[in-house]
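Notes follow once the structure below has been shown.
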Amino acid sequence: MELKNLADILADQPSFRLKQIKQLIFKDLIADWSLATTLPKDLREQLKQNFDLTINAELNFSGQNQTSKALVTFNDESKIETVLMSHADNRHTICVSCQVGCPMGCAFCATGKLGLKRNLTSWEIVLQVLLFARYLKEKEQKVTNVVFMGMGEPMNNFANVIEAIETLHDPDGFNLGARHFSISTCGLIPGIEKLSNYSLEVNLAISLHAPNNQLRSELMPVNNAFPLEKLLAAVDSYIKKTNRKVMFEYLLIDGVNDTIENAKELAVLMKKPLYFVNLIVYNPTGNFKPSSSGRVKKFKEILEKSGVDVTQRYSFGQDIKAACGQLAGKQ
Ligand code: SAH
Ligand code: SF4
């Protein structure tokens with residue numbers, strides 16, 4: 001089922017219906033067509049049969065309660081995870097999944113271990129946002145950001161990711177501004193190129209995680225096809241076209257990519273206008289260990305002293321395995 005199926009269902013309805021229905025789904029955030037009492041009864045029945053609004057999800061709350069993780073089960077029994085991160089300033093970021101599993105096989109990532117089961121449809125991506133939007137509505141809060149940093153590689157399911165963004169961006173519907181979306185990629189250059197020609201100004205993040213080809217290829221097989229120099233050239237032409245900042249995510253893994261040498265090497269690559277580095281302390285998934293806090297501090301200092309724009313990501317929800325790279329679609 002997709003949002004465009006609505007057009008068929010509404011074929012013999014007056015033209016204002018589509019807008020009215022979008023309002024019910026994306027603004028009133030109804031989860032059940034029985035609540036759509038403004039609609040004629042027969043249409044409500046038809047929608048109940050053909051356009052399901054229910055989401056089969058189990059919610060888990062982190063101890064600190066800033067993070068909730070939902071385990072979502074789709075009709076074919078595929079399971080994915082979606083995370084809500086709530087900040088003190090009333091920002092609420094949803095970290096959505098775009099694939100069941102992921103084909104990219106990064107060595108440090110729990111999702112990568114699953115391989116690719118299938119792509120999510122755009123509606124399945126949208127439903128993840130609606131799930132938490134409904135939950136937040138009860139607290140008189142709203143979703144403010146959507147990041148494609150859950151399970152899967154967005155550039156590997158590009159069309160559905162873009163369709164989901166357009167659905168959520170639609171002013172008649174959810175009405176989330178383009179700049180409130182972020183797409184994170186392991187570095188699939190064709191996707192970066194497509195995004196640079198895309199009309200909406202969404203944010204781009206690159207999972208870098210290593211400052212040279214040898215190490216990056218060991219950690220991320222995608223680097224064999226799209227090595228660093230080509231990746232950074234693609235980012236540079238993205239920046240030239242869009243004039244937008246690009247975030248480089250760099251996981252700090254103990255003894256793997258966190259040496260002083262690594263920091264210096266990274267600093268050389270990252271000292272460019274509109275580049276910024278986001279350091280992420282590794283969330284254990286089995287193979288590796290996170291860098292010590294002393295090492296993280298040192299690493300960050302080297303980048304700062306070299307004039308690189310760098311921040312450190314606060315990690316949410318480790319206690320419920322809702323942190324980056326820990327999503328594996330199981331309890
Ligand atoms: N496939 C995309 C988006 C999903 S991964 C990508 O790779 O960018 C989202 C982020 O979590 C990426 O930066 C990814 O590298 C990071 N990540 C993966 N495993 C992690 C782990 N164990 N701890 C912390 N971050 C991790
Ligand atoms: Fe896939 Fe991203 Fe995990 Fe790599 S880090 S395996 S691209 S989800």
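The values are calculated or read from the model by the stated rules, or taken from the named source; none is laboratory data. Note that the coordinates shown come from a computational prediction; the quantities given were computed from them, not determined experimentally. Counting neighbours? That spans all protein chains shown, and the Cβs are built from the backbone with ideal geometry, glycine included. All accessible areas refer to the heavy atoms of the entire protein, side chains included, with ligands and DNA or RNA removed. Shrake-Rupley method; radii C 1.70, N 1.55, O 1.52, S 1.80 Å.
Just list whichever of 194/240; 48/139; 19/79; 113/240; 69/139; 194/264 have alpha carbons separated by over 24 Å in the model shown.
Pairs exceeding the cut-off: 48/139; 19/79; 113/240; 194/264.
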Everything considered on the Cα gyration tensor (a ≥ b ≥ c; rounded for a/c under 1.5, else prolate if a/b is larger than b/c, else oblate), the chain must be described as prolate
Integer Hz, Karplus 6.51/-1.76/1.60 couplings in order for the stretch 178-184, x for Gly and Pro: 3, 6, 9, 10, 10, 10, 9
Keeping all protein chains in position, work out how much accessible area residue 237 exposes to a 1.4 Å probe, and write it in Å² to the nearest 10. 60 Å²
Applying 1/(1 + (r/R0)^6) with R0 = 56 Å to the Cβ-Cβ distance of residue 141 and residue 45, what FRET efficiency is obtained, to the nearest 0.05? 0.95
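How large, in percent, is the carbon and sulfur part of the accessible surface of the stretch 57-320 at a probe radius of 1.4 Å?
The value for the stretch 57-320 is 51 percent carbon and sulfur by accessible area.
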Charge dipole of the chain built from unit charges on the beta carbon (Lys, Arg +1; Asp, Glu -1), centred at mean Cα; most positive-end Cα among 29, 285, 314 is 314
Candidate aspartates and glutamates for bridging to residue 241, where Cα separation is under 19 Å - those fewer than 8 sequence places away on the same chain excluded: 193, 201, 229
Sort 180, 87 from largest to smallest accessible area, using a 1.4 Å probe on the heavy atoms of the protein chains. 180, 87
Just to be sure I follow the definition: excluding the sites themselves, where is the longest run in the chain that has none of the GluC sites (Glu not before Pro) in a DSSP loop with at most 13 other Cβ atoms within 10 Å? 202-331
Solvent-accessible area per residue for the chain (1.4 angstrom probe, square angstrom): 44 Å²
Whole percent per 5 Å bin, from 0 to the bin with the longest distance: what is P(r) over all C-alpha pairs of the stretch 3-50? 5, 21, 37, 31, 7
Which residues in the stretch 235-253 place their backbone N less than 17 Å from a point set 7 Å from the Cα of residue 193 along the Cα-to-Cβ direction? 235-242
Skipping prolines and chain starts, which residues have an amide H placed within reach, meaning under 5 Å, of the one on residue 206, given they are 5 or more residues away or on another chain? 185, 247, 248, 249
For the stretch 3-50, the accessible surface attributable to carbon and sulfur atoms (probe 1.4 angstrom, ligands and nucleic acids excluded) amounts in percent to 51 percent
With only Lys, Arg, Asp and Glu charged, each at its Cβ (+1 for the first two, -1 for the last two), find how big the charge dipole of the chain is about the Cα centre; round to the nearest 20 debye. 720 debye
Sorted list, accessible surface of protein heavy atoms, 1.4 Å probe, largest first, for 53, 188 is 188, 53
Area of residue 300 that stays accessible when all protein chains are in place (1.4 Å probe, Å², to 10): 50 Å²
